[in-house]
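The values are calculated or read from the model by the stated rules, or taken from the named source; none is laboratory data. Everything numeric in this text was worked out from a predicted model, so none of it was measured. Heads up, the Cβs are rebuilt from the backbone with ideal geometry, glycines too, and the neighbour counts pull from every protein chain shown. The area values use the complete protein model at the heavy-atom level, side chains included, leaving out ligands, DNA and RNA. Shrake-Rupley method; radii C 1.70, N 1.55, O 1.52, S 1.80 Å.
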Amino acid sequence: LLQNLDRLKIPTFVMQTAQLEDVLGEIQLMARIFERGQAGDELVATIRQRIAVVKERTKSLTRPRVLYVLNTDPLQTVGPGSFIHQLIEAAGGENIAAETSTAYPRFAIEEVLARDPELIIFPVGAEEGIPDEEQQSWRRWTILSAVKHNRMAQVPSVLVDRPGPRIAEGLELLAQAIHPEAFPRVSQPKQP
């Protein structure tokens, strides 16, 4: 695709976000490209403030072991070097893949069983995410703490898996899944 765009002389800008700070920097860069630098700076300041609030509310809480399931066949999760790993930590969780050497490691089920997550999080959405039947298949692993205590949660993939301006909302939903006692769900008003 990039070669075709280049051949057609269409200006292209590629962003690669590995870390949470990269997401924020690229929001500011994109805003500057479109001559909206101040709006980008204000948006990033708001995102940073929301991140700080979540970190403050979770800093003294117990950090449950979390498995974030990106893919089920093969089983893939997030590790250090990924912004999702950083979101899990900021939300007050302990990523069971924290000691891996890649951003998106593959795990054998034996590794998951040995690390015994207390919470399993599945990204979901209309176009991407882990289908319900694949989520339910985890229930067969009854020795996992997450299964024993029915601690399997869903988060919208568009808010957590995509590095963009709604990343703070994704973080807040992760924090709510990891620490429901500290982030109670707010019921939405019914539409007329």
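Structural remarks
- Amide H partners (placed H, <5 Å) of L75, local residues excluded: F107
- Amide proton proximity set for A153, modelled H, under 5 Å, gap of 5+: I120, I121, F122
- Amide H contacts of L61 (H built 1.01 Å from N, in plane; Pro and chain starts excluded): no residue 5 or more places away or on another chain comes under 5 Å.
- Note on the chain: dipole from Cβ charges, positive end direction compared against A114, A97, I27; the farthest Cα belongs to I27.
- Student exercise, the range 103-192 dipole from Lys, Arg, Asp, Glu Cβ charges, in Debye to nearest 20: 220 debye
- Within the accessible surface of the range 1-141, defined with a 1.4 Å probe on protein heavy atoms only, the carbon and sulfur portion equals 50 percent.
- Only helical runs count toward this figure. For the chain, summing -39,500 (n - 2.57) over DSSP H runs of n ≥ 4 and dividing by all residues gives -12000 deg cm²/dmol at 222 nm.
- Peptides 139-151, 96-108 ordered by packing proxy, namely the average of other Cβ atoms within 10 Å per residue, highest first: 96-108, 139-151.
- Estimated vicinal HN-Hα couplings, Hz - the range 161-170 in sequence order (Karplus 6.51, -1.76, 1.60; Gly, Pro = x): 7, 9, x, x, x, 8, 4, 5, 5, x
- Taking 0.36 nm per residue of separation and subtracting the current Cα-Cα distance, fully stretching the chain between E99 and T142 would add 13.0 nm.
- Chain lengthening between E128 and E110 when straightened (0.36 nm per residue, less Cα-Cα): 3.9 nm
- With a simple spin-label model that places each label point 7 Å from the Cα along the Cα-to-Cβ direction, the separation between L75 and L5 comes to 3.7 nm.
- Value of relative contact order over the range 37-158, rounded to a whole percent, pairs C-alpha under 8 Å and six or more apart: 24 percent
- Entry comment: accessible area of the chain is 59 Å² per residue, from protein heavy atoms only and a probe of 1.4 Å.
- Net charge contributed by nearby residues that have their C-beta within less than 13 Å of V158 (K/R +1, D/E -1): -2
- Candidate aspartates and glutamates for bridging to K9, where Cα separation is under 15 Å - those fewer than 8 sequence places away on the same chain excluded: none
- Cα centroid separation, the range 58-102 to the range 115-169 (Å): 11 Å
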